[in-house]
Amino acid sequence: MKWPFSFLKKKKPITLFDSLPNTDNEVESLKAGGLASLALKRLKSMITEIGPRPAGSEQSRAAARKLSEDFKIYCDDTIITTHLTSPGRYYGTFKILALASPLLIFLCWIGLPYIALVSFAYLVYAFYKEFICYNGIKTGSLFPKKDITNVHATIEPQEEVTNTIIFSAHHDSAPIFKYDQSNKTQYRLSLYLPFAVFALTGLCVLTITILESFQHKLFHFNLPSLSTLIILIIFSLFQICYVKLWSFVTETHSPGAGDNLVSSSTIVELAHYFAWKKRNNKGLKHTRLIFVSFDGEEVGLIGSKAWYDKYASTFVNPININIDAPFSESELSFLTKDANGLVELDNNLAVQLAEQAEKMGYQSKVGQIPFLGGATDATSAARHDIRATTLVGITLDKSGSEPYHTINDTPEAVSEKMIERVISILIKFVENNSEEVKTTEKKVLLLNSDTKFNLIH
């Protein structure tokens with residue numbers, strides 16, 4: 001029986017390919033360029049309507065909802081997940097440090113250097129876990145808790161699942177630092193000087209502790225000796241540098257177009273393409289595709305950590321291709337090390353993708369994030385023993401003109417040609433390798449292994 005109000009039923013959304021004949025030759029010239037245009041159109045719309053998206057904010061949740069709506073058009077299943085945590089903890093560590101260092105000196109003034117030494121050791125450990133390892137200790141109770149919102153969608157294969165390819169990105173945007181990174185001297189004085197003073201303060205505390213232990217004053221309240229007094233006066237004067245560190249991270253956030261909303265929009269268009277293939281009975285036979293956009297990447301990868309903790313055990317032979325900061329086609333690169341160079345990504349996967357790019361006529365590099373260079377969400381995948389790499393496209397020159405983490409990270413900063421290349425490479429990689437992911441074991445020499453990237457997240 002015909003539904004009497006069928007004219008009121010929601011019409012199926014028209015996609016880029018619906019009006020095209022079902023032949024590969026006729027869509028070949030449109031698929032990458034057309035999808036890139038759609039990705040940038042969505043990017044501009046979301047930047048205009050939603051604006052900057054601090055981790056855990058309503059704006060970030062709105063971005064996740066918008067991406068979810070678009071994923072639902074193309075995917076078999078779309079899920080939004082939330083994780084209650086403290087996004088303020090990451091950069092809040094700066095404020096803790098700004099308060100703690102003068103407190104350590106004060107403890108030495110009143111004859112309690114051993115308490116200062118224990119406190120210093122704990123703070124160093126906490127900082128190492130949070131900023132170096134990107135695996136922070138649980139001190140979130142000091143900061144307000146908020147819901148971090150991730151969204152993922154799935155396209156199932158035609159037959160039994162034997163492989164999984166995860167395309168990931170993040171939709172939150174970074175806070176802007178008070179001191180412009182283009183002024184390298186001011187930037188170093190504002191950020192690196194306080195950390196250097198903190199390290200020297202620890203050395204000062206250790207020295208005073210040793211001196212008082214020899215003087216048998218260590219566990220007694222006492223006033224400092226003359227030599228200790230001189231040291232304390234010098235280090236007390238140095239504490240003024242923490243005024244700048246306290247206000248280093250502002251409440252203003254970057255528009256976050258290239259870092260990294262465009263990547264989230266791009267993976268929606270990858271879903272668009274593979275959904276079209278599936279509708280035309282040309283879908284993948286055994287490979288499940290998962291498209292995920294994380295919240296909280298800019299505050300210690302907390303969104304991807306929570307997501308992989310929850311879902312990693314359910315994946316069948318997974319690999320992860322993460323996309324982060326794809327600004328420029330001239331800097332197309334694939335990472336082999338992440339999280340300050342401490343986390344090994346999949347060298348073979350990175351080189352496979354670089355080789356695929358080269359075969360298509362695109363110059364690319366393979367490199368790593370250096371120590372103190374930051375991290376990407378591929379770290380979270382790698383820590384769950386998932387083969388992973390991150391595709392990046394950032395310019396590293398001495399002018400400090402990179403748009404990421406600044407107010408200049410607008411849609412105009414993103415190269416449409418770069419997005420077209422990203423889509424082309426990833427489509428071709430999936431079509432050429434999806435059914436062989438499980439058995440790929442060849443080892444390829446690392447190309448341009450000295451290339452390093454600064455992604456301060």
message: Pull out all pairs, ordered by first then second residue, where Cβ-Cβ is under 6 Å, the residues are six or more apart or on different chains, the first lies in region 200-225 and is at pLDDT 80 or above, and the second is of a type in the set (Val, Ile, Thr) and assigned to a helix (DSSP H, G or I).
response: 204/231; 208/228
- prompt: Which of the following residues is in contact with a Gly (Cβ under 7 Å, 6 or more places away or on another chain) and assigned to a loop (DSSP other than H, G, I, E, B): 223, 218?
  reply: 223
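Considering 324, 338, 295, which residue is acidic (Asp, Glu) and without any contact (Cβ under 8 Å) to a residue 60 or more places away in the chain?
Values: 324 fails: without any contact (Cβ under 8 Å) to a residue 60 or more places away in the chain; 295 fails: without any contact (Cβ under 8 Å) to a residue 60 or more places away in the chain.
Only one candidate qualifies: 338.
State yes or no: is residue 132 of a type in the set (Val, Ile, Thr), surrounded by fewer than 22 Cβ atoms within 10 Å (Cβ to Cβ), at pLDDT 90 or above and closer than 20 Å to residue 305 by Cα? Steps first, please.
Details: of a type in the set (Val, Ile, Thr): yes; surrounded by fewer than 22 Cβ atoms within 10 Å (Cβ to Cβ): yes; at pLDDT 90 or above: yes; closer than 20 Å to residue 305 by Cα: yes.
Taking the combined requirement at face value, the residue satisfies it.
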query: Do we find that residue 163 is among the polar types (S, T, N, Q) and within 21 Å of the chain's Cα centre (by Cα) in this structure?
result: no
- request: Kindly list the number of the only condition in (1) buried (at least 19 other Cβ atoms within 10 Å of the Cβ); (2) of a type in the set (A, V, I, L, M); (3) not assigned by TED's automatic domain parsing to the domain that holds residue 433 that fails for residue 165.
  value: (3)
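In region 297-304, is there at least one residue being part of a helix (DSSP H, G or I), closer than 27 Å to residue 161 by Cβ and not assigned by TED's automatic domain parsing to the domain that holds residue 198?
Yes.
Check 266, 252, 207 and return the single one that is under 21 Å from the mean Cα position of the chain (by Cα), surrounded by fewer than 20 Cβ atoms within 10 Å (Cβ to Cβ) and not in a loop (DSSP other than H, G, I, E, B).
Working: 266 fails: surrounded by fewer than 20 Cβ atoms within 10 Å (Cβ to Cβ); 207 fails: under 21 Å from the mean Cα position of the chain (by Cα).
Of the residues listed, the single one that is under 21 Å from the mean Cα position of the chain (by Cα), surrounded by fewer than 20 Cβ atoms within 10 Å (Cβ to Cβ) and not in a loop (DSSP other than H, G, I, E, B) is 252.
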message: With the requirement that a residue be farther than 14 Å from residue 298 by Cα and aliphatic (A, V, I, L, M), what does region 248-268 give you?
response: 262, 267, 268
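When you look at residue 409, is it at pLDDT 95 or above, among the acidic types (Asp, Glu), in a loop (DSSP other than H, G, I, E, B) and touching an Asp or Glu at 6+ places or on another chain (Cβ under 7 Å), yes or no? Quick ask: steps written out before the conclusion?
Working: at pLDDT 95 or above: yes; among the acidic types (Asp, Glu): yes; in a loop (DSSP other than H, G, I, E, B): yes; touching an Asp or Glu at 6+ places or on another chain (Cβ under 7 Å): yes.
Yes: the conditions hold for residue 409.
The values are calculated or read from the model by the stated rules, or taken from the named source; none is laboratory data. In this text, all values refer to a predicted model and were calculated from it rather than measured experimentally. Counting neighbours? That spans all protein chains shown, and the Cβs are built from the backbone with ideal geometry, glycine included.
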